[in-house]
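**Q** Structure provided below as structure tokens; questions to follow.
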Amino acid sequence: MLATLVFFEFALPLHARAANSPVFVAQRDSMSSRLATSIVPKRDICSLIACGPTYRILRSQTIVMTAYSSTPDQTSGDPFITASGSRVHHGTLALNGIPFGTKVRIPDYYGDQIFTVEDRMSSRYSSQRGDIWMETRHEAKQWGVRRVHVEFVVEE
């Protein structure tokens, strides 16, 4: 029997896990006990193992990104409920002028992690500025104000 070992999560950095990035695969030769290593595109590996969803980039741009936490002075109403009515969580993004549910990546800081637009900022801000929800005020202050490259994506 041909055993396939996929060195995926621990052996490769985040950027090597993009949709079409090569993945190292070690296969045990059925005639001997030696391992043969080859490089296979991730889309082929996904047919062998359960991979997460893949995303296609719709557009990308650079925006000013700040952070907020669930403190009454940084929010309106219930500090744990977003403008879309969901509860804040890691991956919540506030962006004006973008439909709720839009998926966004911030590759330079978070790799392939997907953020979802579920909240709004003050009306004085345009869609050229975003706000990431963070669990503590300290984390939000540590983030500060950054110009970041964002990718608006859709699941394939």
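**Q** Output the relative contact order of region 48-132, whole-number percent, from Cα pairs under 8 angstrom with separation of 6+ residues.
**A** Reported as a whole number, the value is 34 percent.
**Q** Along region 112-120, what does the Karplus equation 6.51 cos²θ - 1.76 cosθ + 1.60 (θ = phi - 60°) give for ³J(HN,Hα), rounded to whole Hz, x for Gly and Pro?
**A** Calculated HN-Hα couplings, in order: 8, 4, 9, 9, 10, 6, 10, 9, 10 Hz.
**Q** Related question: Have a look at the DSSP beta bridges in region 67-153 and tell me what percent are antiparallel, nearest 5.
**A** Approximately 65 percent, going by the DSSP bridge assignments.
Every number in this text was worked out from the coordinates using simple rules, so none of it is lab data. It should be emphasised that the depicted structure is a prediction, and the values quoted were computed from it without experimental measurement.
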